[in-house]
Amino acid sequence: MKKIVIALLGAVIAGPAFAAPDWSKVPTAKVPVFYPGQSGLEWVLTKKNHSSSNQILDKKRACTKCHDTDAEQIGGMIVSGKPVGNMSQPLDAAVPKGKVGSIPVSVQAAHDGNKIYLRFEWDTPVSGGGKKMDSKNDMKLTVMFDENKVEFADRAGCWATCHEDLRGMPGASDAAKGHAKSKELGWGDGVTKYLKESRTELTMTGNARGGWDKLKSDAEIDAALKAGKFMDLIQFNSGKGEKAVDGYVLDSRRMGGGKSLVKAEGKKSGKHWTVVFERTLAAGGKGDHAIAAGKLYNIGFAIHDDSADGRFHHVSLGYTLGLDNDKADFKAVKQ
């Protein structure tokens, strides 16, 4: 993959919509987000489904090495009902009406030595006339990243949190709603995202792939959190009165606990969306990673556009971000 250099500016100026750097002076990276269908981590790692699973497992090759140039094509195949990978059947039998295969997104980043700013821009596709799943939010944008401690995040990005037994996925189980920790983990509508680091094992065969019911002990999960084995999560919600989210993913998707996110603001002009996150480089709370020079961070993001909800989002592949790090896919340089 070509190296993408993202310049980070020292001076912060006030703009008409956001308190942020002069974005006209910050290079832009073009990143496609595509419709993934029902392809959890177990699907990605199983050869009978995904012909390149050995590249991820044995060679530890990042998905971008193979799919950085054809993510749009893959998304188009999935929404059209065509089989992908080694599958003989469509990857998703419930594609929403009019769903587009991919959306090109412009990504910029800048910092002032204390805070980092992430800016995303795209044109929302023409509505396909499908059901409005989220009546509160026309759009949600979620960013997740880790400091190179979560297994598979270095290769598959957000797929490290996605499993075949999550709600809306092929192996989803109603039994999760009656689990003793259902309320604490936010499983009222079914299992949410989690990491392998929080489970004793992942089942890779059969129809019930995943590990929703194989939770490690509270002490083990707390130890993983303290060791930095989690995905930091920030989210912008477009609905009036909706609050930005600063959380994390480990044993479940925790929509709170973080204190590093200063603000998240979005603006829609016609069909054009602009969203800016402002976050401290320091780790401020539970589930927050510190962002420091000389380190690599695995980062990915997802867009729930056109009132989409649950798994019906568009997602990016996994990339690396590094401040002043020549090995990073997105090289963030302080100015």
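The values are calculated or read from the model by the stated rules, or taken from the named source; none is laboratory data. No experiment lies behind these values; they were computed from the predicted model shown. Because the Cβ atoms are built from the backbone with ideal geometry, glycine has one as well, and the counts that use them run over all protein chains shown.
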For segment 175-226, how many residues meet the condition of being hydroxyl-bearing (Ser, Thr, Tyr) and in a helix (DSSP H, G or I)?
2
For segment 244-315, please list each of the strands (runs of 3 or more DSSP E) lying entirely inside it that holds at least 1 residues being of a type in the set (Phe, Trp, Tyr) and closer than 19 Å to residue 147 by Cα.
245-249, 272-280, 296-304
Run down 232, 222, 251 and say which single residue is free of Cβ contacts under 8 Å to residues at least 60 places away in the same chain, closer than 22 Å to residue 162 by Cα and either buried (at least 20 other Cβ atoms within 10 Å of the Cβ) or of a type outside the set (Lys, Arg) (or both).
222
Name the residue that is nearest to residue 256 (Cα to Cα), counting only residues in segment 228-240 that are within 21 Å of the chain's Cα centre (by Cα) and assigned to a loop (DSSP other than H, G, I, E, B).
230
Scanning segment 128-148 residue by residue, those surrounded by fewer than 21 Cβ atoms within 10 Å (Cβ to Cβ), over 13 Å from residue 313 (Cβ atoms) and in contact with a strand residue (DSSP E or B) (Cβ under 9 Å, 6 or more places away or on another chain) turn out to be 136, 138, 147, 148
Name the single residue, out of those in segment 79-105 being touching a strand residue (DSSP E or B) at 6+ places or on another chain (Cβ under 7 Å) and surrounded by 14 or more Cβ atoms within 10 Å (Cβ to Cβ), that is farthest from residue 292 (Cα to Cα).
101
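Here's the yes/no breakdown for (1) modelled with pLDDT of 95 or more; (2) of a type in the set (Ser, Thr, Tyr):
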residue	(1), (2)
117	no, yes
123	yes, no
132	no, no
140	yes, no
146	yes, no
160	yes, no
167	yes, no
174	no, no
193	yes, no
Is it the case that residue 322 is crowded, with 19+ Cβ neighbours inside 10 Å and without any contact (Cβ under 8 Å) to a residue 60 or more places away in the chain?
yes
